[in-house]
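Have a look at the structure below, then the notes.
The numbers here are math on the coordinates, done by the rules we state, and not lab data. Model, not experiment: these values are computed from the prediction. Glycine also receives a Cβ, built like all others from the backbone with ideal geometry; neighbour counts cover every protein chain displayed.
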Amino acid sequence: MTTETRLRIAMQKSGRLSDDTQSLLKRCGLKLNVSDRRLLAHVSNMPIDIMRVRSSDIPGLVMDGVCDLGIVGDNTLEEAALERQLMGSKSEYIKTSPLNFGGCRLSIAMPEEFNYQGVDSLNGLRFATTYPQLLKRFASQNGINVDFCMLNGSVEVAPRVGLADGICDLVSTGTTLEANGLKEVEIIFRSTASLIQTVEQLSPKKQSILNTILPRIQGVMKAKE
Ligand code: PRT
């Protein structure tokens with residue numbers, strides 16, 4: 001059982017999910033003083049601390065029980081869970097609530113001139129991606145072999161510079177693909193942000209804080225629908 005009395009929530013420090021996460025917490029009545037340099041922000045009116053980190057660090061912090069809760073994209077979560085299973089590290093978490101922001105899809109995209117005739121046309125090709133585990137799972141579920149190279153940004157440029165045949169990356173509007181001469185051929189994972197929770201049992205004090213804020217989070221989500 002976790003012992004501290006302040007509930008610790010991990011959120012993205014800066015990026016696409018940080019504004020929506022911060023506004024969700026504020027709308028739930030949490031008084032947050034988030035300044036750029038403070039990585040651990042105290043909520044002044046409730047026993048809650050907010051840990052501000054890279055998105056990619058959030059799943060591990062929750063799976064290892066360092067943070068009680070986290071707000072992160074399902075894409076990052078699923079990739080981390082697969083990666084940690086492979087490494088034999090803790091990979092369990094509770095999906096406490098889906099959140100209705102951060103919507104996107106993880107897709108395979110190929111140069112516009114590529115003659116796509118179904119998943120088999122991707123067999124033996126090389127993809128630039130930040131999500132190798134999700135790509136490998138898709139390949140194995142579809143009976144094809146793929147190679148990959150890891151890129152943490154600017155993935156869309158890889159085919160044009162000869163680094164890869166195609167890409168496996170997040171898409172929301174499709175504008176970036178189009179601007180880089182790519183077409184989406186397969187959606188392999190659909191994602192939104194989620195509130196996740198450690199599988200470790202919370203202390204009664206922390207559980208009671210969670211019982212207070214969870215209905216508020218769900219209420220804010222419902223109001224946004
Ligand atoms: O840096 P950090 O570790 O914190 O995480 P990150 O690099 O994943 O940060 P960030 O801020 O780029 O993304 C945070 C999360 O936002 C992602 O993990 C997704 O859950 C979610 N999200 C939603 C997106 C997008 N939409 C999205 N469109 N993340 C990235 N993109 C990128 C995509 O990679 C591509 O380069 O936007 C571009 C495509 O956008 P469109 O609109 O042109 O299709």
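Data table
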{"item": "Cβ-derived FRET efficiency at R0 22 Å, K26 paired with T5, nearest 0.05", "result": "0.45"}
{"item": "Reachable lysines from K183, criterion Cα separation under 16 angstrom, eight or more residues apart if same chain", "result": "none"}
{"item": "Neighbour net charge for S121 - beta-carbon separation under 11 angstrom, K R +1, D E -1", "result": "-3"}
{"item": "The range 104-190 shape via C-alpha gyration tensor axes, a/c threshold 1.5", "result": "rounded"}
{"item": "Sum of -39500 (n - 2.57) over DSSP H runs of 4+, divided by residues of the chain (222 nm, nearest 500)", "result": "-9000 deg cm²/dmol"}
{"item": "Against the rule of thumb 2.2 N^0.38 Å, how large the Cα Rg of the chain comes out", "result": "1.12"}
{"item": "Neighbour-limited loop hits for GluC sites (Glu not before Pro), the range 1-85 (at most 14 other Cβ within 10 Å; DSSP other than H, G, I, E, B)", "result": "E4"}
{"item": "Eligible aspartates and glutamates near K13 by straight Cα distance, threshold 15 Å, same-chain separation 8 or greater", "result": "D36, D49, D57"}
{"item": "Whole-Hz couplings from phi, Karplus 6.51/-1.76/1.60, listed for the range 110-127; x for Gly and Pro", "result": "10, x, 3, 7, 5, 8, 7, 10, x, 4, 4, 5, 8, 4, x, 8, 10, 10"}
{"item": "Cα gyration tensor category, rounded, prolate or oblate, for the range 155-221 with a/c compared to 1.5", "result": "prolate"}
{"item": "Set of aspartates and glutamates with alpha-carbon distance to K136 below 16 Å, sequence-local pairs under 8 removed", "result": "E78, E79, E83, D120, D147, D165, D169, E186"}
{"item": "By average C-beta atoms within 10 angstrom, highest first, the peptides 92-100, 69-77", "result": "69-77, 92-100"}
{"item": "Beta bridges per DSSP with both ends in the range 104-190, % antiparallel, nearest 5", "result": "65"}
{"item": "S89-Q218 pseudo-label distance in nm [points 7 Å out on the Cα-to-Cβ vector]", "result": "3.2"}
{"item": "Built amide H within the under 5 Å cut-off of E186, gap 5+", "result": "I108"}
{"item": "About the Cα centre, charge dipole magnitude for the chain (Lys/Arg +1, Asp/Glu -1 at Cβ), debye", "result": "1180"}
{"item": "DSSP-defined beta bridges in the chain - what % are antiparallel, rounded to 5", "result": "65"}
